[in-house]
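Below you'll find the structure, written out as structure tokens, and then a few comments.
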Amino acid sequence: MPETSKLVHKIQEKAVQLSRPRVGKSSKMSAKVRLMKIKHKAIGLNNIRQEEKVFFLVKSEKGDIPVFVSKYRSVGKAVDSIASLCNVVNNNHKLNVPKLCLFKEDTNLYDRAGAKIMELVESELLHSGDTLSLKLNISE
């Protein structure tokens, strides 16, 4: 009985180790592949130079849409641009209505509306290739 218990414990440990997300070469490679797929289909303004582009996969009510914005845009202007590209109604210019916001996981990026996309990338809050959600912030 004790030997069986040890064997079961070893099997459970291996299962836990295999279920942990891998950090390293494979996760970096999958991030690069995801970015390449986004770049291939991304839409955005034609006047943005290639070295200025930051790419995102945006989840909205219209579906998942790959987009790019200029790294020199503020978060507020990026929300306006992305809403336009995704054909989502944007009433952020009106008072007393829920604001359309960009979220990375549970972080509301619109709270930093004046910050430039480049600042968020440099602080590693955002990365080119990230998945963002475009939705109304009803909690305000």
Go through (1) assigned to a helix (DSSP H, G or I); (2) surrounded by 14 or more Cβ atoms within 10 Å (Cβ to Cβ) one by one and return the number of the condition VAL33 breaks.
-> (2)
Being under 23 Å from ALA31 (Cα atoms) and either β-branched (Val, Ile, Thr) or more than 13 Å from the chain's Cα centre (by Cα) (or both) narrows it down to one of GLU51, GLU105, so name that one.
-> GLU51
List every residue pair whose Cβ atoms lie under 8 Å apart, where the two residues are 6 or more positions apart in sequence or sit on different chains, the first residue falls within the range 1-26 and is of a type outside the set (Asp, Glu), and the second residue, located anywhere, is modelled with pLDDT of 65 or more and part of a helix (DSSP H, G or I).
-> PRO21/SER27
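The values are calculated or read from the model by the stated rules, or taken from the named source; none is laboratory data. Remember, predicted model here, so these are calculated numbers, not experimental data. In this analysis, Cβ positions are derived from the backbone assuming ideal geometry, glycine residues included, and neighbour counts consider all displayed protein chains.
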